[in-house]
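First comes the structure, then the notes that go with it.
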Amino acid sequence: MNENSLFPEKILDCLKRPGGNQDDIMEIVEGGLKCLNTGEFFPNERSIPFLFKETDGDRKHITNTIKDFYEDNPFPSYEGLEDFGNLVNKGSSNSFSNELLQSIGFNKLILECGCGTGQLTNFLQLNNNYTLGIDLSLSSLSLAIEHKTRNELSRSSFAQMNIFNMAIKDEVFDVVISHGVLHHTFDAKRAFAEIIQKLKPGGIVVIGLYNRYARIMTWLRSKLIPFFGPNIDYVIRNKAIDPKKKEIWIADQYYNPHETWHSIGEVIKWFDENNIDYINCSPPILGSHTNNSPDSLFTESDPVGSYERLITQLGWISSISREGALFDVIGRKAS
Ligand SMILES: C[S@@+](CC[C@H](N)C(=O)[O-])C[C@H]1O[C@@H](n2cnc3c(N)ncnc32)[C@H](O)[C@@H]1O
């Protein structure tokens with residue numbers, strides 16, 4: 001792989017040393033990255049840019065356990081040897097990723113925290129966007145980089161980093177996304193506070209979390225799977241084709257070593273405490289849009305009251321619970 005193709009200039013400018021400063025200048029050198037200010041060299045690990053720094057404090061064992069889990073189960077994996085055409089078709093037919101790309105628009109700098117095997121990071125580099133996906137798991141990142149390299153995607157890039165110690169300057173990205181990730185950290189609220197530091201004022205944050213009410217169904221299935229087998233899962237019956245991908249889905253959903261569940265109200269509180277203005281929720285909250293078909297995922301809507309939010313989330317027990325019970329909340333950093 002040509003090392004210069006690992007990071008486009010625009011993304012390289014956003015990087016700093018792990019634990020470093022806003023004025024750090026990072027450059028690509030043979031076998032890794034180097035900080036021009038200090039001369040420190042960060043050698044690639046298995047050909048993957050390595051800017052990992054451990055979580056501080058006594059709960060770092062959770063980060064390490066999650067890292068080991070996703071080293072064994074790179075999620076969500078690809079359906080065999082997918083080319084970029086397959087990925088674009090899949091991304092365009094998935095209403096969430098398609099609406100996300102349309103809402104983001106063109107020429108943006110996008111950070112995906114916990115990118116897994118990099119499908120979304122590779123998809124969102126369409127529209128002349130520049131994307132950086134970071135993750136703990138080297139085996140996930142190596143699939144992401146394999147896909148990027150094989151399909152010559154010059155605007156997506158990847159590095160091993162820890163959300164709790166990102167080697168990224170503050171306030172440099174237009175959009176920060178973390179989909180299905182923060183609930184696997186030891187403190188989702190703290191992880192949220194970390195990732196929004198990387199967002200420019202006026203930038204958009206998209207957070208996808210397991211829902212406190214809808215996820216109960218997954219918990220119930222986890223008790224039944226040992227007796228009835230994986231076919232009680234909707235995705236296994238109807239969606240996943242590749243046997244390896246099926247195996248990884250079951251491990252991720254039912255045998256994950258650490259997950260927490262969250263409500264819409266809780267995320268709105270995080271927003272309030274961190275100067276983020278609420279924009280929207282996906283799926284939408286009942287009664288939150290003035291017309292029934294919002295123009296875009298980023299169209300401003302009303303967070304309505306706690307009663308409507310409770311009814312919405314109880315309704316999710318029979319809808320999004322089939323596919324992991326993930327909901328996304330979208331906000332804008334105050335300028
Ligand atoms: C369920 S996967 C989601 C992957 C992808 N976002 C998606 O929606 O398919 C969760 C990912 O979060 C990553 N992750 C968990 N804790 C992390 C942390 N502290 N720093 C970086 N990545 C983390 C894991 O390694 C894993 O790849």
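Looking only at region 255-265, count every residue that is free of Cβ contacts under 8 Å to residues at least 60 places away in the same chain and either touching a strand residue (DSSP E or B) at 6+ places or on another chain (Cβ under 8 Å) or away from the ligand (no atom under 16 Å from the Cβ) (or both) and tell me the total.
Initial filter on region 255-265 (free of Cβ contacts under 8 Å to residues at least 60 places away in the same chain): 255, 263, 265.
From what's left, either touching a strand residue (DSSP E or B) at 6+ places or on another chain (Cβ under 8 Å) or away from the ligand (no atom under 16 Å from the Cβ) (or both): 263, 265.
The qualifying residues number 2.
Among the conditions (1) near the ligand (Cβ under 10 Å from one of its atoms); (2) under 16 Å from residue 110 (Cβ atoms), residue 198 misses just one, which is (1). The residues listed here are 216, 232, 268, 241; of these, the one that is modelled with pLDDT under 95, among the aliphatic types (A, V, I, L, M) and away from the ligand (no atom under 15 Å from the Cβ) is 241. Every test in (1) in a loop (DSSP other than H, G, I, E, B); (2) polar (S, T, N, Q); (3) near the ligand (Cβ under 8 Å from one of its atoms) is passed by residue 154 save one, and that test is (3). Residues that are touching a helix residue (DSSP H, G or I) at 6+ places or on another chain (Cβ under 6 Å) and of a type in the set (Asp, Glu) were ranked within region 52-78; the one that is nearest to residue 126 (Cα to Cα) is 71.
None of 117, 121 is within 12 Å of the ligand (Cβ to nearest atom), closer than 25 Å to residue 166 by Cα, part of a loop (DSSP other than H, G, I, E, B) and among the β-branched types (Val, Ile, Thr) except 117. From the set of residues in region 130-166 that are touching a Lys or Arg at 6+ places or on another chain (Cβ under 7 Å), among the polar types (S, T, N, Q) and crowded, with 21+ Cβ neighbours inside 10 Å, which is farthest from residue 48 (Cα to Cα)? The residue in question is 131. Residues in region 77-114 that are on the phi > 0 side of the Ramachandran plot and away from the ligand (no atom under 12 Å from the Cβ): 3 in all.
Only one entry in 84, 50 is touching a strand residue (DSSP E or B) at 6+ places or on another chain (Cβ under 6 Å) and either under 29 Å from residue 26 (Cβ atoms) or of a type outside the set (S, T, N, Q) (or both), namely 50.
Which of the residues spanning region 160-193 are more than 9 Å from the ligand (Cβ to nearest atom) and either part of a strand (DSSP E or B) or within 19 Å of residue 272 (Cβ to Cβ) (or both)? 168, 173, 174, 175, 176, 187, 188, 189, 190, 192, 193, listed by residue number. Each residue in region 96-130 was checked for being under 29 Å from residue 248 (Cα atoms), of a type in the set (Val, Ile, Thr) and touching a residue at least 40 places away in the same chain (Cβ under 8 Å), and 2 of them qualify. Could you count how many residues in region 130-147 are away from the ligand (no atom under 15 Å from the Cβ) and either in contact with a Phe, Trp or Tyr (Cβ under 7 Å, 6 or more places away or on another chain) or among the hydroxyl-bearing types (Ser, Thr, Tyr) (or both)? Count: 1.
Rundown of residues vs (1) of a type outside the set (Lys, Arg); (2) at pLDDT below 95; (3) more than 20 Å from residue 32 (Cα to Cα); (4) in contact with a Pro (Cβ under 6 Å, 6 or more places away or on another chain), yes/no style:
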{"site": "122", "(1), (2), (3), (4)": "yes, no, yes, no"}
{"site": "134", "(1), (2), (3), (4)": "yes, no, no, no"}
{"site": "170", "(1), (2), (3), (4)": "yes, no, yes, no"}
{"site": "173", "(1), (2), (3), (4)": "yes, no, yes, no"}
{"site": "183", "(1), (2), (3), (4)": "yes, no, yes, no"}
{"site": "190", "(1), (2), (3), (4)": "no, no, yes, no"}
{"site": "194", "(1), (2), (3), (4)": "yes, no, yes, no"}
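Within region 221-230, is there a residue that is surrounded by 13 or more Cβ atoms within 10 Å (Cβ to Cβ) and without any contact (Cβ under 8 Å) to a residue 24 or more places away in the chain? Yes, there is a match, as at least one residue in region 221-230 is surrounded by 13 or more Cβ atoms within 10 Å (Cβ to Cβ) and without any contact (Cβ under 8 Å) to a residue 24 or more places away in the chain.
The values are calculated or read from the model by the stated rules, or taken from the named source; none is laboratory data. From a predicted model like this one, the values you see are computed outputs, not experimental measurements. Here Cβ is always computed from backbone atoms with ideal geometry, including for glycine, and neighbour counts include all displayed protein chains.
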